[in-house]
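Novice: One structure coming up, written as structure tokens, with questions to follow.
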Amino acid sequence: MMLTEIFTPEGFTALLQVIGIDLVLAGDNAIVIGLAAAGLPKEQRTKAIIIGIFAATVMRIGFAAVTTQLLQIVGLLLAGGILLLWVCWKMWRELQHDHAAETEATEALTGEDINKDSTVAGNAPRKTFAQAATQIVIADVSMSLDNVLAVAGAARDHPSVLVIGLILSIALMGLAASFIAKLLNKHRWIAYVGLLIIVYVSLKMIWEGFSEVEPLLFSMLGN
């Protein structure tokens, strides 16, 4: 691994893409955790959020260990690009939804009364701890895989950028999830910029993945 590749135009561009991906997906994951925890009593909310962020951090490490290797298998880069494009569609739909729910989630994460209604996540639907924990774990599995896949796709040809991106992803989720969620809640344009980056990465993965698969398809059709 050579850190000097970061200072090449291609490496630096990949690094900027990875930072954008990490920022948006870490914030998105944190908001989902906040949404699940918002319906809990205050004394249980913090516990659920800690469990959720810890689980997301561990899952990112686990997925990072296998995803980068799997993408070397012919056909999986194409499949990963298609999966990531579906993730983009989900993110787009989430960004169009009621901003109030996102604010409730951010309040649960930060403990602040952001919408000035004299409550912290007071309008969220009530739920049990088991329901919240289940929602958080399911979301963590999906979103941690999405994050690692996007980073691996963006930095596939730049090993040092890939390592930095995965470390940053883990650090943001483990140490700065609440701050990132608050930042995205206040400045929604950041989420749209991140979404555009992920769309670009997914289309790039699909194109490169199809280029890998195309010779095999033609050889099979020829036979």
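The values are calculated or read from the model by the stated rules, or taken from the named source; none is laboratory data. Keep in mind that this is a model prediction, so the values were computed, not measured. Heads up, the Cβs are rebuilt from the backbone with ideal geometry, glycines too, and the neighbour counts pull from every protein chain shown. We work out accessible area using only protein heavy atoms, side chains counted, and drop any ligands, DNA or RNA first. Shrake-Rupley method; radii C 1.70, N 1.55, O 1.52, S 1.80 Å.
Novice: Taking the stretch 1-84 as the region of interest, what is the percent of Cα-Cα pairs per 10 angstrom bin, listed from the shortest bin to the one with the maximum distance?
Specialist: With a bin width of 10 Å, the distribution comes to 14, 30, 34, 16, 6, 0.
Novice: Calculate log10 I(q)/I(0) of the stretch 153-194 for q = 0.16, 0.26, 0.34 Å⁻¹, where I(q) comes from the Debye formula with a single equal point scatterer on each Cα and nothing for solvent.
Specialist: -0.53, -0.89, -0.99
Novice: Rounded to the nearest whole Å², what accessible area per residue is found for the stretch 24-66 with the 1.4 Å probe?
Specialist: 39
Novice: Something else: Probe of 1.4 angstrom, ligands and nucleic acids ignored: what's the accessible area per residue over the stretch 71-168, in square angstrom?
Specialist: Accessible area per residue, the stretch 71-168: 48 Å².
Novice: Any chance you could look up the accessible area of S219 with a 1.4 Å probe, heavy atoms only, rounded to 10 Å²?
Specialist: Counting only protein heavy atoms, S219 exposes about 50 Å² to solvent.
Novice: Using a 10 angstrom cutoff on alpha carbons, build the Gaussian network for the chain and name the most mobile of Q96, Q69, Q44.
Specialist: Between Q96, Q69, Q44, it is Q96 that shows the largest mean-square fluctuation.
Novice: From zero outward in steps of 10 Å, how is the percent of C-alpha pairs of the stretch 174-223 spread across the bins?
Specialist: Taking all Cα pairs of the stretch 174-223, the binned fractions are 22, 26, 21, 16, 12, 4 percent.
Novice: Further question: Share of the chain's accessible area from carbon and sulfur, percent, 1.4 Å?
Specialist: Carbon with sulfur: 72 percent of the solvent-accessible area.
Novice: Using Cα-Cα distances under 8 Å and only pairs 6 or more residues apart, what relative contact order does the chain have, in percent?
Specialist: 42
Novice: Starting from the exponent 0.38 and prefactor 2.2 Å, build the expected Rg for the stretch 1-48 from its residue count and divide its actual Cα Rg by it.
Specialist: Compactness ratio reported: 1.85.
Novice: Moving on to the next point. When all alpha-carbon pairs of the stretch 17-145 are counted, what percent fall beyond 26 Å?
Specialist: 27
Novice: In whole Å, what are the extents of the stretch 21-64 along the principal axes defined by its C-alpha atoms, from largest to smallest?
Specialist: 34, 19, 10
Novice: On to the next question. Need one number for the chain: average projected area of the convex hull over its C-alpha atoms, nm².
Specialist: Computed as one quarter of the Cα hull surface, the answer is 13.4 nm².
Novice: Separate question: Calculate the dipole size of the stretch 75-223 relative to its Cα centre from +1 charges on Lys and Arg beta carbons and -1 charges on Asp and Glu beta carbons; express the result in debye to the nearest 20.
Specialist: Once rounded to the nearest 20, the dipole reads 100 debye.
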